[in-house]
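Enquirer: One structure coming up, written as C-alpha cells, with questions to follow.
The values are calculated or read from the model by the stated rules, or taken from the named source; none is laboratory data. Values in this document were obtained by computation on a predicted structure and should not be read as measured data. Here the Cβ positions follow ideal geometry from the backbone for every residue, glycine too, while neighbour counts run over all protein chains shown.
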Amino acid sequence: MSATAYVNARLLDPASGLDVTGGLLVEGGRIADLGPRLFAEGVPEGARRVDCTGHCLAPGLIDMRVQLREPGEEHKETIATAGQAAVVGGVTSVVALPNTEPVIDDVAGVEFVARRAREAKLVKVYTYAAATRRLEGKEITEIGLLAEFGARGFTDGLKAIANAQVMRRALSYARAFDQIIVQHPEEPALAGGVMNEGEIATRLGLEGVPAAAETIMVERDLRLVELTGGRYHAAHVSTAAAVEAIRRAKARGLAVTCDTAPHYFTLNETAVGDYRTFAKVSPPLRSEEDRQAIAEAVADGTIDAIASDHSPHDQEGKRLPFAIAEAGIAGLETLLPLSLALYHKGGIGLLDLLARLSARPAAILGLPGGRLSKGAPADMVLFDPEHPWLIDPDRFRSKSKNSPFDKHPVQGKVLATIVDGRPLYEAEA
Amino acid sequence: MTALGLRPHDPGFPQRHLLGIEGLSADEISFLLDLADSYVTLSRGEQKKTDLLRGRTVINLFFENSTRTRTSFELAGKRLGADVINMSVAWSSIKKGETLIDTAMTLNAMHPDVLVVRHPDSGAVKLLSEKVNGAIINAGDGSHEHPTQALLDALTIRRRKGRLEGLTVAICGDILHSRVARSNIHLLGTMGARVRLVAPPTLLPAAIERMGVEVFFDMRKALAGCDIVMMLRLQTERMHGSFVPSIREYFRFYGLDRDKLRAAKDDALIMHPGPMNRGVEIDSELADDIDRSLIREQVEMGVAVRMACLDVLTRRLRRNEGREDVS
C-alpha cells in the first residue's frame with residue numbers, strides 16, 4: 001500500500017500533549033512520521049497528498065461501550081452496520097458488550113465477533129466477555145482463556161454483578177490475568193424504576209430510580225476493590241454522588257476508572273418530557289445538578305472516558321408505553337459532536353477532551369490505538385471542531401435511529417475516518 | 001338548556017382530548033363542571049335521554065378491568081344517544097405493546113368519534129392519542145391521571161359545599177400508586193383548594209410536596225380542620241409487608257373511623273373513588289353514613305361529568321359537519 005501525506009493539519013495527540021500545525025505521513029497502515037516541518041521539502045514522491053486545510057487530525061475515537069446486537073438481534077444492528085455508524089462518527093475502535101444472543105461467555109463467542117469484524121473490514125472491533133456465565137451473576141467465566149482469545153475485559157453488560165461474593169471473586173480472580181471488571185453500577189433492588197426518581201417521575205406516575213441505586217453499588221464495589229486489589233471500571237456514571245465516591249477512591253490510589261455517555265452531560269430528566277421513550281436510558285437521565293457534576297468530572301479527569309453506550313433499538317422497542325419501552329440511545333454517530341459541546345462551553349481543553357475519547361479508554365483496556373505518534377497504527381479522525389449542524393437520526397448509518405437528539409444543534413463535524421491507513425469515510429463536501 | 005345547544009363558537013373547552021387535569025385552566029374546569037351540573041338535572045328528570053350524539057360512536061377501550069368506570073361511561077354515552085361499544089383487551093407487559101398500537105390502528109379504521117381508554121401503564125393513553133383521529137378520554141392510565149374521577153369529585157364537593165376555593169381537602173392512603181390522587185391534586189390546586197396528603201412514607205412518591213401539597217404521616221393532624229376527607233383504595237398485594245406491614249396496622253393508623261374523623265370539621269364529608277376495602281381504609285358503617293359519606297353521590301356525578309366530557313369533545317366535530325351541510 002502506498003504512502004499518504006496529510007498536509008496542513010492541526011495535529012492533536014492527547015497522549016503526548018502535541019497540538020501543532022504540520023504534516024503526517026502514513027505508510028503501511030502505520031504513522032511513519034509527523035511534525036510541523038515534516039513536508040517542508042515537499043511530500044515524498046508517490047505519496048498521495050491529502051490537504052487537511054487546517055482541520056484537526058487526531059487519534060480515531062475509541063468507544064469502549066457499544067452494543068453490536070450480533071449475534072442474535074441483527075434486525076437492530078450488525079457488526080457491519082455498527083461499523084458504518086462508527087466511521088461516520090470518527091470512531092476507529094469499538095468494544096462490544098457481551099449481552100448478545102447467545103451471550104459471549106465462551107471462547108467461540110469471542111472468535112465469532114473477531115471473524116465477523118474481519119469480514120466487515122471496517123473499524124476495529126473488540127469485545128468484552130461476560131463476567132459470569134449467561135450473565136446470571138452466579139458463576140464466573142473462564143477469564144484466563146477468554147483473555148487469551150482476545151476478550152478485553154469482563155462485564156455482565158446491562159446487568160450489575162449484584163452478588164457481593166461473586167463480585168469479590170471476579171475482581172480477585174481477574175488479577176491473575178491482569179483483567180479489568182466493568183460494572184453496570186446499579187443496585188438492582190433499587191433500580192426497578194424507569195426514570196430518575198423525583199418530581200417529574202411523580203407527576204408522570206412513573207416509578208423512579210433513586211441516585212442512591214448507583215451510589216450504593218459504586219461504594220460497595222470500591223470496598224471490594226480495596227479488599228481484592230482488583231481492577232475496576234464503573235460504566236456510564238450518571239450521578240454527582242457516584243462521581244464523588246470515585247474521586248475519593250482515586251485519591252486513595254485505588255485502581256479505579258469510569259466512563260460516562262454524552263447524554264449524561266447533555267440532557268437531564270426533563271428530556272423525558274411527556275413520556276418520550278427515546279430519552280429512556282439505563283441508568284436514567286438525572287437531575288440538572290447531576291448533569292453538571294458529570295460535565296465537571298469529565299473536565300477534571302475523575303471520569304476517564306466518554307463512551308457512546310450505543311444501544312440500537314427498532315421502532316417496536318420504543319413505540320411503547322414508557323414503562324415497558326426499551327432503554328438506550330443509538331449513540332455512535334453523535335459521540336464526537338455531543339462531546340465537543342463541553343469544549344465549546346469552555347469547561348475542558350480540546351486535548352483533554354480527545355484523551356477521554358481515545359487515549360484514556362485505550363489505556364484502560366490495553367488497546368493499541370489512541371495515539372498520534374511514530375509507529376502507532378494509523379487510526380485517525382479528521383474533524384472540523386467548529387462546523388455547526390443539526391443532528392438528524394433519519395440519516396444515521398446505524399440500522400436503528402433511536403436518538404433523543406433529533407434537531408439537536410451541535411458544533412463539530414467528522415470529515416474523514418482512517419483505520420490502519422485506509423480512508424473508510426469521507427464527509428460530503 | 002344551554003348545555004345541549006349547538007353554539008357556533010365555544011371558547012369553553014378548546015382541548016381536543018382529555019388526557020389529564022394537569023395543564024387545564026380554572027376556567028376550563030369550571031366550564032366542564034357547569035355543563036355537568038346541567039346533565040345532573042337531565043339525568044334526574046323523566047326523560048333521561050337526548051339525541052345530541054346520535055350517530056356518533058363511542059368506544060370504551062379498557063386494557064384493565066373496571067366495571068364501575070366503564071359502566072359510567074357507557075351510560076353517559078347512551079344518555080347522549082351515542083352508539084357505545086365496549087372493548088376489553090387482556091394486557092400483559094410480556095406481550096409488549098404491539099397490542100396497543102395495533103389495537104389503536106384497528107379501531108381507528110372504524111372511525112370512532114370518541115375513544116375512552118383505560119390502561120395499566122402511565123402515558124399509554126397519551127401514546128394512543130398520537131395514533132388515532134378521534135377524541136380521546138383518559139379513563140385512567142397507570143399511576144398518572146384519572147381526569148374524569150377528579151372532575152366528578154370536584155362536582156360532588158361543589159354541589160355540597162357550594163365552592164372549591166378555600167376548602168381544605170385531605171387525600172389519604174396509597175398516594176404512590178394513585179392516579180386519582182394526582183388528578184385531584186392538580187384539580188383542587190388549580191381551583192384554589194388546599195390539599196393535604198396523609199399516608200405512611202412508603203406510600204408517598206418522591207418530591208410530592210413540589211406539587212403544592214402539605215404532607216402528613218399522622219392522620220389526626222392531617223384531618224384537623226378539613227372540609228373533605230378523600231380516601232383511596234389500597235390494593236391487596238400492597239398490604240402484606242411490601243408497602244405496609246399488615247391490614248390491621250394500616251387500619252389502626254390510616255383507616256378512617258369515627259374517632260379519627262372527629263379531628264376534621266363537624267360538617268366534614270367523606271369521599272372514596274371505589275371500590276372500597278371496608279375495614280382496611282374505611283370503617284364500614286362510616287362509609288354508609290348518609291350524613292357524612294358522599295360515596296353514592298360520587299357515582300351519580302360520574303355519569304354527569306362523563307356526559308359533559310363526551311359533549312364538549314365532540315362539539316368541534318359536530319360543528320364541522322354543520323358547516324359541510326351548509327356548503
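Enquirer: Restricting attention to segment B:68-122, which residues are modelled with pLDDT under 85 and away from every other protein chain (no Cβ under 14 Å)?
Expert: B:ALA90
One line per residue, one yes/no per condition, for (1) closer than 27 Å to A:TYR126 by Cβ; (2) among the hydroxyl-bearing types (Ser, Thr, Tyr); (3) surrounded by fewer than 21 Cβ atoms within 10 Å (Cβ to Cβ); (4) at pLDDT 95 or above:
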| position | (1), (2), (3), (4) |
| --- | --- |
| A:ILE329 | yes, no, no, yes |
| A:TYR343 | yes, yes, yes, yes |
| A:LEU350 | yes, no, yes, yes |
| A:LEU357 | yes, no, no, yes |
| A:GLN411 | no, no, yes, yes |
| A:VAL414 | yes, no, no, yes |
| A:ILE418 | yes, no, no, yes |
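Enquirer: Say whether the condition of being away from chain B (no Cβ under 14 Å), part of a loop (DSSP other than H, G, I, E, B), in contact with a Lys or Arg (Cβ under 6 Å, 6 or more places away or on another chain) and not acidic (Asp, Glu) is met by at least one residue in segment A:266-288.
Expert: yes
Enquirer: Additional query: Kindly indicate which of A:GLU219, A:GLU214 is crowded, with 21+ Cβ neighbours inside 10 Å and away from chain B (no Cβ under 14 Å). Reasoning before the result, please.
Expert: Details: A:GLU219 fails: crowded, with 21+ Cβ neighbours inside 10 Å.
None of the others qualify; the one that does is A:GLU214.
Enquirer: Here's a follow-up. Does at least one position in segment A:114-124 carry a residue that is assigned to a loop (DSSP other than H, G, I, E, B), at pLDDT below 95 and of a type in the set (A, V, I, L, M, F, W, C)?
Expert: Residues of segment A:114-124 assigned to a loop (DSSP other than H, G, I, E, B): A:121-123.
Next cut, at pLDDT below 95 only: A:121-122.
Cutting the leftovers down to of a type in the set (A, V, I, L, M, F, W, C) gives us A:122.
Within segment A:114-124, one or more residues are assigned to a loop (DSSP other than H, G, I, E, B), at pLDDT below 95 and of a type in the set (A, V, I, L, M, F, W, C).
Enquirer: Checking B:HIS146 against (1) touching a strand residue (DSSP E or B) at 6+ places or on another chain (Cβ under 7 Å); (2) away from chain A (no Cβ under 14 Å): exactly one of these is not met. Which one?
Expert: So the condition that B:HIS146 fails would be (2).
Enquirer: Mind checking which residues of segment B:264-304 are of a type in the set (Asp, Glu), more than 14 Å from B:CYS172 (Cα to Cα) and in a loop (DSSP other than H, G, I, E, B)?
Expert: Hits for segment B:264-304 are B:ASP266, B:ASP267, B:ASP288, B:ASP289, B:ASP291.
Enquirer: Given (1) within 27 Å of B:THR71 (Cβ to Cβ); (2) surrounded by fewer than 21 Cβ atoms within 10 Å (Cβ to Cβ); (3) touching a strand residue (DSSP E or B) at 6+ places or on another chain (Cβ under 9 Å); (4) not charged (D, E, K, R), identify the lone condition not met by B:ALA268.
Expert: (1)
Enquirer: From the list A:ALA85, A:ALA58, A:ALA130, pick out the single residue that is touching an Asp or Glu at 6+ places or on another chain (Cβ under 7 Å), at pLDDT 95 or above and under 26 Å from A:PRO393 (Cα atoms). Show your work before the answer.
Expert: Values: A:ALA58 fails: touching an Asp or Glu at 6+ places or on another chain (Cβ under 7 Å); A:ALA130 fails: under 26 Å from A:PRO393 (Cα atoms).
None of the other options fit; the residue is A:ALA85.
Enquirer: How many residues does segment A:224-247 hold that are farther than 26 Å from A:GLU289 by Cα, assigned to a helix (DSSP H, G or I) and not β-branched (Val, Ile, Thr)?
Expert: Number satisfying all stated conditions: 3.
Enquirer: Tally the residues that are at pLDDT below 95 and more than 29 Å from A:GLU316 (Cβ to Cβ), restricting the search to segment B:56-67.
Expert: Count: 1.
Enquirer: Then there's this: Please find, among A:ALA5, A:ALA40, A:ALA58, the residue that is over 22 Å from A:ALA120 (Cα atoms), hydrophobic (A, V, I, L, M, F, W, C) and without any contact (Cβ under 8 Å) to a residue 12 or more places away in the chain. Working first, answer last.
Expert: On the way: A:ALA5 fails: without any contact (Cβ under 8 Å) to a residue 12 or more places away in the chain; A:ALA58 fails: without any contact (Cβ under 8 Å) to a residue 12 or more places away in the chain.
The conditions single out A:ALA40.
Enquirer: Moving on. Return the pairs, sorted by first residue and then second, in which the second residue is charged (D, E, K, R) and outside any helix (DSSP H, G or I), the first residue lies in segment A:203-227 and is within 17 Å of A:CYS258 (Cβ to Cβ), the beta carbons are less than 6 Å apart, and the residues are 6+ apart or on different chains.
Expert: Final answer for the pair search is A:ALA213/A:GLU186; A:ALA213/A:GLU187; A:GLU214/A:GLU186; A:ILE216/A:GLU187; A:MET217/A:GLU186; A:MET217/A:GLU187.
Enquirer: Further question: In segment B:207-222, how many residues are surrounded by 18 or more Cβ atoms within 10 Å (Cβ to Cβ) and facing chain A (nearest Cβ under 9 Å)? Outline the logic, then answer.
Expert: The initial filter retains those residues of segment B:207-222 that are surrounded by 18 or more Cβ atoms within 10 Å (Cβ to Cβ), namely B:208, B:211, B:213, B:216, B:219, B:222.
From the residues that got through so far, the ones that are facing chain A (nearest Cβ under 9 Å) too are B:208, B:211.
So the answer is 2.
Enquirer: Within segment A:302-319, is even one residue more than 14 Å from every other protein chain (Cβ to nearest Cβ), touching a residue at least 60 places away in the same chain (Cβ under 8 Å) and surrounded by fewer than 24 Cβ atoms within 10 Å (Cβ to Cβ)? Walk me through how you get there before you give the answer.
Expert: Residues of segment A:302-319 more than 14 Å from every other protein chain (Cβ to nearest Cβ): A:302-312.
Filter once more, keeping what is touching a residue at least 60 places away in the same chain (Cβ under 8 Å): A:303-305, A:307-312.
Still in the running and surrounded by fewer than 24 Cβ atoms within 10 Å (Cβ to Cβ): none.
Checked against the condition, which is being more than 14 Å from every other protein chain (Cβ to nearest Cβ), touching a residue at least 60 places away in the same chain (Cβ under 8 Å) and surrounded by fewer than 24 Cβ atoms within 10 Å (Cβ to Cβ), segment A:302-319 yields no hits at all.
Enquirer: Residue check, B:ASN320 against (1) surrounded by 13 or more Cβ atoms within 10 Å (Cβ to Cβ); (2) over 18 Å from B:ILE171 (Cβ atoms), all met but one. Which one?
Expert: (1)
Enquirer: What number goes with the only condition from (1) within 14 Å of another protein chain (Cβ to nearest Cβ); (2) surrounded by fewer than 22 Cβ atoms within 10 Å (Cβ to Cβ) that A:THR228 does not pass?
Expert: (1)
Enquirer: Also, I was wondering about something else. Criterion first (part of a helix (DSSP H, G or I) and in contact (Cβ under 8 Å) with a residue 12 or more places away in the chain) does A:ILE161 satisfy it? Before you say what the answer is, go through the steps one by one.
Expert: On the way: part of a helix (DSSP H, G or I): no; in contact (Cβ under 8 Å) with a residue 12 or more places away in the chain: yes.
In short, no.
Enquirer: Can you report the number of residues in segment B:277-299 which are within 21 Å of B:ALA150 (Cα to Cα) and crowded, with 17+ Cβ neighbours inside 10 Å?
Expert: So the answer is 10.
Enquirer: Only residues that are assigned to a loop (DSSP other than H, G, I, E, B) and either of a type in the set (S, T, N, Q) or surrounded by 16 or more Cβ atoms within 10 Å (Cβ to Cβ) (or both): list them for segment B:243-256, please. If you could, list the steps in order and put the result at the bottom.
Expert: Going through segment B:243-256, the residues assigned to a loop (DSSP other than H, G, I, E, B) turn out to be B:243-246, B:255.
The answer is B:PHE243, B:VAL244, B:SER246, B:GLY255.
Enquirer: Can you tell me which residues in segment B:150-170 are away from every other protein chain (no Cβ under 14 Å) and either under 21 Å from B:ARG68 (Cα atoms) or in a strand (DSSP E or B) (or both)?
Expert: Taking segment B:150-170 first, the residues away from every other protein chain (no Cβ under 14 Å) are B:151-170.
Matches in segment B:150-170: B:LEU151, B:LEU152, B:ASP153, B:ALA154, B:LEU155, B:THR156, B:ILE157, B:THR168, B:VAL169, B:ALA170.
Enquirer: Let me ask something additional. Filter segment B:190-206 down to the residues that are of a type outside the set (D, E, K, R) and away from chain A (no Cβ under 11 Å) and list them by number.
Expert: Once the filter is applied, which keeps residues that are of a type outside the set (D, E, K, R) and away from chain A (no Cβ under 11 Å), segment B:190-206 yields B:THR190, B:MET191, B:GLY192, B:ALA193, B:VAL195, B:LEU197, B:VAL198, B:ALA199, B:PRO200, B:PRO201, B:THR202, B:LEU203.
Enquirer: Yes or no: A:PHE405 crowded, with 24+ Cβ neighbours inside 10 Å, in contact with a Cys (Cβ under 6 Å, 6 or more places away or on another chain) and hydrophobic (A, V, I, L, M, F, W, C)?
Expert: On the way: crowded, with 24+ Cβ neighbours inside 10 Å: yes; in contact with a Cys (Cβ under 6 Å, 6 or more places away or on another chain): no; hydrophobic (A, V, I, L, M, F, W, C): yes.
So A:PHE405 does not fit the description; no.
Enquirer: While we're on this one: Looking at A:LYS374, A:LYS399, can you tell me which residue is part of a loop (DSSP other than H, G, I, E, B), surrounded by fewer than 19 Cβ atoms within 10 Å (Cβ to Cβ), touching a residue at least 24 places away in the same chain (Cβ under 8 Å) and among the basic types (Lys, Arg)? Before you say what the answer is, go through the steps one by one.
Expert: Working: A:LYS399 fails: surrounded by fewer than 19 Cβ atoms within 10 Å (Cβ to Cβ).
It is A:LYS374.
Enquirer: What are the residues in segment B:28-67 that are over 18 Å from the mean Cα position of the chain (by Cα) and either acidic (Asp, Glu) or within 14 Å of chain A (Cβ to nearest Cβ) (or both), if any?
Expert: Those that are over 18 Å from the mean Cα position of the chain (by Cα) and either acidic (Asp, Glu) or within 14 Å of chain A (Cβ to nearest Cβ) (or both): B:GLU46, B:ASP51.
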